[in-house]
Amino acid sequence: MTAALAFELPERLEAREPAEARGLARDEVRLMVATAHDASIVHARFRDLPDFLEPGDLLVVNTSATIPASLPAHRADGTALQLRLSTPARSSPSDSWWVVEVRSANGATPCRSVQVGERYELPSGAHAEIVAPEPFASSNARRLWVARLELPEPLDAYLARNGRPIRYGYVPREWPLSSYQNAYSLEPGSAEMASAGRPFTPELVTALVARGVLVAPLTLHTGVSSLERGESPYPERYRVPAPTARLVNAVHLWGGRVIAVGTTVVRALETVAEPDGTVDEGEGWTSLVITPDRGLFTVDGLLTGWHEPEASHLEMLRAAAPADLLDRSYRAALEHGYLWHEFGDSHLILP
């Protein structure tokens, strides 16, 4: 592999169903632990996580809950499509304006023939009108659009009745929204699950706390996963509360490690971090792009899933781990049959 982690992902390593459907508890998925200071790689189960953390370490989790963001849609000529909500439009004049992606009816591919002014029929008499290209998306992508929604009821209620969780081609059947929620999810807003936290169970959180590991929340509402397709990250909504910021600073003062659960947590924490590692509370929209050159200011370790070849998320991982260790981790994951995607296995990167 090169520093860019170019590799082929075999179909057999794509997790096609939740761990529970494979006869496992959520916390029984596999966990690879890669440690930078001694270049070690250890194979374990996710429920062994307390064994790799120390009293006084801090896990920061994303409490954003997944919304059923995929809606069946039809063009004026009757063509069936999917309309996927991503994030509210950043300069939205109302809650009815959203950044959306239009895909084929089976969700397999983005629709490349979208035109400004098009109007799509949605369930229950609702409509969506394409207003403009999403201004923050990659100029060569034109996959995301700003749309104005005309709904017969508030959005949350409408999605609860008509929406489905976003599902990609490697997952052959529908699963309920509960399969896409983390144990600590609180605030609906993510188009796709912040999946690094999926293996946590209440029992595992209790075991971590009993060991003296701290847990603190923040919120970052994720959009559709453009980052898995080599596109530039676009703005997302975040909130880092004051108690979490104070706890991050305190942990560093006493020599503990701040471990981000997922790339969404890294993006939010680093948005409010100073170069000396201190953080403050903050909320709004983050456009931060983390690269190896920028590095990480306050995050010491990362708990994440396995990312596709050439995914933009890998740039963030290269900021969190030495290139050789990351290369060896991905080689080992391929060799040992780790599973990819939101229902897959986990990767803990420690300093």
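Read-outs throughout are calculated quantities, based only on the coordinates presented, and are distinct from any laboratory measurement. Since the structure is predicted, the reported quantities are computational estimates derived from the model, not experimental observations. As a convention, Cβ positions derive from the backbone with ideal geometry for all residues, glycine included, and neighbour counts pool all protein chains shown.
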Problem - DSSP bridge orientation in the chain - percent antiparallel, rounded to nearest 5 - result: 70
Exercise for the section: Just grab the label-to-label distance for residue 168 and residue 142, each label 7 Å out from Cα along the Cβ direction, in nm (one decimal). Expected result: 2.4
Problem - Cβ-based net charge around residue 277, under 11 Å, with every Lys or Arg adding one and every Asp or Glu removing one - result: -4
Completion exercise
Between residue 203 and residue 75, the FRET efficiency computed from the C-beta separation at R0 = 56 Å comes out, to the nearest 0.05, as 0.70
Practice task
Place +1 on the Cβ of every Lys and Arg and -1 on the Cβ of every Asp and Glu in the chain, take the dipole about the Cα centre, and give the residue among 298, 59, 96 whose Cα lies farthest towards its positive end.
Solution key: 96
Handout entry: Segment residue 283-residue 38, length gained on full extension (0.36 nm per residue, minus Cα span)
Key = 84.5 nm
Practice task
Could you go through region 73-83 in sequence order and give the Karplus-derived ³J(HN,Hα) for each residue, using 6.51 cos²θ - 1.76 cosθ + 1.60 with θ = phi - 60°, rounded to whole Hz, and x for Gly and Pro?
Solution key: 9, 9, 6, 4, 8, x, 4, 7, 9, 10, 10
Exercise for the section: Go ahead and set up a Gaussian network model of the chain, Cα springs under 10 Å, then flag whichever of 52, 200, 297 fluctuates most. Expected result: 52
Problem - Percentage relative contact order, region 70-187, counting C-alpha pairs under 8 Å, at least six apart - result: 23
Exercise for the section: Could I have the simple spin-label model distance between residue 45 and residue 276, label points 7 Å from Cα toward Cβ, reported in nm to one decimal? Expected result: 4.5
Completion exercise
Checked against the positive end of the charge dipole of the chain (+1 on Cβ of Lys and Arg, -1 on Cβ of Asp and Glu, about the Cα centre), the farthest of 322, 36, 183 is 183
Completion exercise
Percent antiparallel among DSSP beta bridges confined to region 176-307, rounded to 5, stands at 75
Problem - Rel. contact order, % - alpha carbon contacts under 8 angstrom, at least six apart, the chain - result: 25
Problem - Separation of alpha-carbon centers, region 25-100 and region 143-184, rounded to whole Å - result: 14
